[in-house]
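Enquirer: I have a structure here, written as structure tokens, and I will follow up with some questions on it.
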Ligand code: SF4
Ligand code: SF4
């Protein structure tokens with residue numbers, strides 16, 4: 001785990017952008033550490049979540065957006081539930097991860113590969129096609145046997161299909177993705 005240092009000047013526009021996108025006010029954080037104490041991934045983070053909040057208050061954009069923690073966060077919302085200031089910390093982590101993606105940072109590439117494959121599957125079929133997502137992930141990351149031990153059990157329980165389900169409203173979902181892409185391109 002890194003030692004918290006603030007080696008760059010405060011980027012006030014970054015703080016403002018996070019406030020706008022999340023609807024949260026990072027200045028309300030008084031560093032009690034409850035979020036980090038309850039976070040199941042503190043052991044794996046390079047920067048614990050309360051320190052992400054501190055860096056955010058100090059406008060340390062680059063340090064945050066290059067952090068592995070953003071990509072390891074499981075969005076479990078334990079931090080949000082525990083925050084005595086009522087800050088939706090999990091939402092802030094989400095917003096930061098989106099910002100990191102937009103700026104071309106993905107410090108844990110395998111996680112981004114999984115997210116991309118998952119979203120592509122939903123876009124294409126209207127819902128996730130698990131076998132396709134797993135195969136895509138395993139091929140792209142070279143982790144050929146990831147999850148292979150779980151497949152027989154999932155198959156016997158009828159949880160896996162070898163063909164994607166085409167749902168009603170697939171076109172509508174494609175349109176949602178298209179609209180999102182247009183908004184991203186327009187920088188909204
Ligand atoms: S949402 Fe993310 S940061 Fe918050 S407790 Fe869960 S894993 Fe940790
Ligand atoms: S729980 Fe809330 S107030 Fe405490 S350190 Fe985390 S974000 Fe800050």
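Enquirer: Going by the conditions given, is residue 80 farther than 21 Å from residue 112 by Cβ, within 9 Å of ligand 1 (Cβ to nearest atom) and in contact with a helix residue (DSSP H, G or I) (Cβ under 9 Å, 6 or more places away or on another chain)? Explain how you work it out, then say what you get.
Expert: Working: farther than 21 Å from residue 112 by Cβ: yes; within 9 Å of ligand 1 (Cβ to nearest atom): yes; in contact with a helix residue (DSSP H, G or I) (Cβ under 9 Å, 6 or more places away or on another chain): yes.
Yes, satisfied.
Enquirer: When the residues of the range 58-77 are filtered to those that are surrounded by fewer than 18 Cβ atoms within 10 Å (Cβ to Cβ) and in contact with a helix residue (DSSP H, G or I) (Cβ under 6 Å, 6 or more places away or on another chain), which remaining residue is nearest to residue 93 (Cα to Cα)?
Expert: Top of the filtered list is 75.
Enquirer: Is it the case, given these coordinates, that residue 14 is at pLDDT 95 or above and under 14 Å from residue 62 (Cβ atoms)? Walk me through it before giving the result.
Expert: Working: at pLDDT 95 or above: yes; under 14 Å from residue 62 (Cβ atoms): yes.
Yes.
Enquirer: In the range 110-123, is there at least one residue being in the same structural domain as residue 177 (by TED's automatic domain parsing), free of Cβ contacts under 8 Å to residues at least 12 places away in the same chain and over 27 Å from residue 175 (Cα atoms)?
Expert: No, because not a single residue in the range 110-123 is in the same structural domain as residue 177 (by TED's automatic domain parsing), free of Cβ contacts under 8 Å to residues at least 12 places away in the same chain and over 27 Å from residue 175 (Cα atoms).
Enquirer: For residue 49, are the conditions met, namely being buried (at least 18 other Cβ atoms within 10 Å of the Cβ) and either away from ligand 2 (no atom under 13 Å from the Cβ) or closer than 19 Å to residue 113 by Cβ (or both)?
Expert: On the way: buried (at least 18 other Cβ atoms within 10 Å of the Cβ): yes; either away from ligand 2 (no atom under 13 Å from the Cβ) or closer than 19 Å to residue 113 by Cβ (or both): no.
Here the answer is no, as residue 49 does not meet what is asked.
Enquirer: Also, I was wondering about something else. Please indicate, with yes or no, whether at least one residue in the range 28-42 is assigned by TED's automatic domain parsing to the domain that holds residue 67, more than 12 Å from ligand 2 (Cβ to nearest atom) and at pLDDT 95 or above. Give the steps one after another, and end with the answer.
Expert: Going residue by residue through the range 28-42, those that are assigned by TED's automatic domain parsing to the domain that holds residue 67 are 28-42.
Okay, now just the ones that are also more than 12 Å from ligand 2 (Cβ to nearest atom), so 40-41.
Restricting the remaining residues to those that are at pLDDT 95 or above gives 40-41.
Yes; the residues of the range 28-42 include at least one that is assigned by TED's automatic domain parsing to the domain that holds residue 67, more than 12 Å from ligand 2 (Cβ to nearest atom) and at pLDDT 95 or above.
The values are calculated or read from the model by the stated rules, or taken from the named source; none is laboratory data. Bear in mind the structure is a predicted one, so any value in this text is a computation, not a measurement. Note that each Cβ is placed from the backbone with ideal geometry, even for glycine, and that neighbours are counted across all protein chains shown.
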